[in-house]
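Peer 1: Once you've had a glance at the structure underneath, I'll fire off some questions.
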């Protein structure tokens with residue numbers, strides 16, 4: 001088993017993602033919940049389909065929304081980044097943590113605003129999974145909090161169909177699925193702790209930040225979502241259950257990691273990082289198989305507005321290389337869920 005690590009940066013901290021191989025060909029569909037129109041075309045078993053590209057942002061950090069003034073500044077930064085995506089024909093998926101409850105408290109529905117503007121919304125469940133001060137943490141407690149977060153989204157007029165940051169030593173697969181979510185993103189090494197026989201690489205890991213790399217590491221193995229039956233065996237694809245959407249393609253610290261650094265942090269958001277991600281995307285483009293739809297999900301923790309120049313240049317390069325040539329297509333995570341479901 002090959003386990004890697006992804007990076008965390010001060011400005012755009014990218015979590016990691018992962019998966020084993022899973023479902024067969026899928027058909028992109030239109031999904032209004034995502035605020036996206038991704039096309040609805042039949043799949044020809046002899047044709048190579050565009051790579052479905054998603055970019056998920058973790059909206060996390062209690063201090064960023066601790067006051068109304070802080071919340072407003074943070075919301076402004078988010079809007080600025082969203083505008084960069086929109087003018088480059090890209091779609092962002094915003095996964096909300098503390099900003100979810102604060103949107104209700106401050107009566108400012110920034111999440112619905114983003115969805116109405118064409119982006120997609122999900123939950124980033126910072127208050128579930130790893131609870132070091134609760135030795136009696138259970139699947140039932142996790143399910144209760146996940147349902148609360150989903151209900152909070154409903155109060156804002158949003159149907160949250162997926163969640164991230166859900167890995168746990170308890171049966172997180174069942175807890176997430178029973179809470180009404182259809183899929184998860186941002187699956188990392190810590191998720192392996194729930195297996196009936198965790199691999200040696202993570203068995204003795206004491207906290208998520210110590211085993212936060214993607215599962216698995218290879219780009220070619222991160223292109224096909226699959227269903228997990230339970231926390232005990234989720235790495236083995238099932239016919240139904242919780243949809244595991246692999247995450248890959250970090251940008252900040254990507255260059256450092258490719259050079260051999262282990263779990264690098266506080267990296268600058270540079271052109272070198274973007275070049276590494278684009279190289280990985282090239283690998284994914286080349287590895288596509290006829291009659292199948294493959295995915296490439298980027299992930300970042302949004303602390304403040306990203307380096308606009310680097311981000312815009314990166315999005316322009318994605319557009320020129322993959323979108324305009326028909327090799328790739330931007331998609332929101334809810335639409336990606338629909339695409340996978342269409343294959344079954």
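Peer 1: Among (1) surrounded by fewer than 16 Cβ atoms within 10 Å (Cβ to Cβ); (2) more than 19 Å from residue 158 (Cβ to Cβ); (3) within 22 Å of the chain's Cα centre (by Cα); (4) without any contact (Cβ under 8 Å) to a residue 40 or more places away in the chain, where does residue 73 come up short?
Peer 2: Only one criterion in (1) surrounded by fewer than 16 Cβ atoms within 10 Å (Cβ to Cβ); (2) more than 19 Å from residue 158 (Cβ to Cβ); (3) within 22 Å of the chain's Cα centre (by Cα); (4) without any contact (Cβ under 8 Å) to a residue 40 or more places away in the chain is unmet by residue 73, namely (3).
Peer 1: Which of the residues spanning the stretch 114-149 are part of a helix (DSSP H, G or I) and either within 18 Å of residue 297 (Cβ to Cβ) or in contact with a strand residue (DSSP E or B) (Cβ under 7 Å, 6 or more places away or on another chain) (or both)?
Peer 2: Residues satisfying the conditions are 114, 115, 146, 149.
Peer 1: Answer yes or no as to whether residue 268 is in contact with a strand residue (DSSP E or B) (Cβ under 6 Å, 6 or more places away or on another chain), over 19 Å from residue 168 (Cα atoms) and modelled with pLDDT under 95.
Peer 2: Taking the combined requirement at face value, the residue does not satisfy it.
Peer 1: Condition first: in a loop (DSSP other than H, G, I, E, B) and either crowded, with 24+ Cβ neighbours inside 10 Å or touching a residue at least 60 places away in the same chain (Cβ under 8 Å) (or both). Now tell me which residues in the stretch 183-198 satisfy that.
Peer 2: Residues satisfying the conditions are 185, 186, 187.
Peer 1: Restricting attention to the stretch 57-87, which residues are modelled with pLDDT of 95 or more, in contact with a strand residue (DSSP E or B) (Cβ under 9 Å, 6 or more places away or on another chain) and not in a helix (DSSP H, G or I)?
Peer 2: Passing the criteria: only 59.
Peer 1: Looking at the stretch 225-257 only, could you name the residues that are surrounded by fewer than 24 Cβ atoms within 10 Å (Cβ to Cβ) and more than 21 Å from residue 175 (Cα to Cα)?
Peer 2: Matches in the stretch 225-257: 255, 256, 257.
Peer 1: Kindly provide the set of residues from the stretch 279-295 that are over 23 Å from residue 268 (Cα atoms) and in contact with a strand residue (DSSP E or B) (Cβ under 7 Å, 6 or more places away or on another chain), ordered by number.
Peer 2: Listed by number, the residues that qualify are 284, 285, 288, 293, 294, 295.
The values are calculated or read from the model by the stated rules, or taken from the named source; none is laboratory data. None of these values were measured; they are calculated from a predicted model. Here the Cβ is made from the backbone with ideal geometry for all residues, glycine too, and neighbour counts use every protein chain on show.
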